[in-house]
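The values are calculated or read from the model by the stated rules, or taken from the named source; none is laboratory data. Note that the structure is predicted; figures quoted are calculated from it, not measured. Don't worry about glycine lacking a Cβ; one is built from the backbone with ideal geometry, like all the others, and counts go over all protein chains shown.
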Amino acid sequence: MPKKVSYALTIVWECWREKAKEKKPLSSRELSRKARLPQCFVAQITSELKNGGILESREGIGGGYWLSRGWERKNLRDLLVILGEDKRFLECLDSKSVCGKSKVCPVRRIWGRVEGVLLQELERINLGELK
């Protein structure tokens, strides 16, 4: 799993913990400190999570990030798409034109099956399970 995805899950979890305790927005600096993540990554990832409908934000004094309504219904595959990390195992799974052997290739078929199972699981697991 790319670090970016792991960091994003940690950010979502920290926002959930804060919501459960004090119900106040967390600045990217606070998120960085609480999650023990580099602030530059936190700023980038929170922006992507906001654009993807998982976080909301407010600027200024008392501003920061908090979980959007319905965040818990997003699944892990949604998160991968939001972060631009929804890549295939093999290039040839996207296009048969990559390789002349793709119609008879046993590796392609096996990885296709593995990827299918993985995608089903990613769609089955909602972010709300972080609670």
Can you pull out every residue in the stretch 79-91 that is hydrophobic (A, V, I, L, M, F, W, C) and modelled with pLDDT of 75 or more? 79, 80, 81, 82, 83
Could you tell me whether the stretch 5-15 includes any residue that is modelled with pLDDT under 95, touching a helix residue (DSSP H, G or I) at 6+ places or on another chain (Cβ under 8 Å) and either farther than 13 Å from residue 127 by Cβ or acidic (Asp, Glu) (or both)? yes
Which of the residues spanning the stretch 92-114 are at pLDDT 80 or above and in a loop (DSSP other than H, G, I, E, B)? 105
Here are 47, 57, 32, 27: which of them is small (Gly, Ala, Ser), farther than 25 Å from residue 120 by Cβ and touching a Lys or Arg at 6+ places or on another chain (Cβ under 7 Å)? 57
Restricting to the stretch 6-17, name every residue that is surrounded by 17 or more Cβ atoms within 10 Å (Cβ to Cβ) and either more than 19 Å from the chain's Cα centre (by Cα) or small (Gly, Ala, Ser) (or both). 8
Which of the residues spanning the stretch 27-73 are touching a residue at least 24 places away in the same chain (Cβ under 8 Å), part of a loop (DSSP other than H, G, I, E, B) and within 16 Å of residue 7 (Cβ to Cβ)? 37, 52, 54
Residue 24 fails exactly one of (1) surrounded by fewer than 18 Cβ atoms within 10 Å (Cβ to Cβ); (2) assigned to a helix (DSSP H, G or I), namely (2)
Among the residues of the stretch 48-72 satisfying the criterion of being surrounded by 11 or more Cβ atoms within 10 Å (Cβ to Cβ) and of a type in the set (A, V, I, L, M), which is nearest to the chain's Cα centre (by Cα)? 49
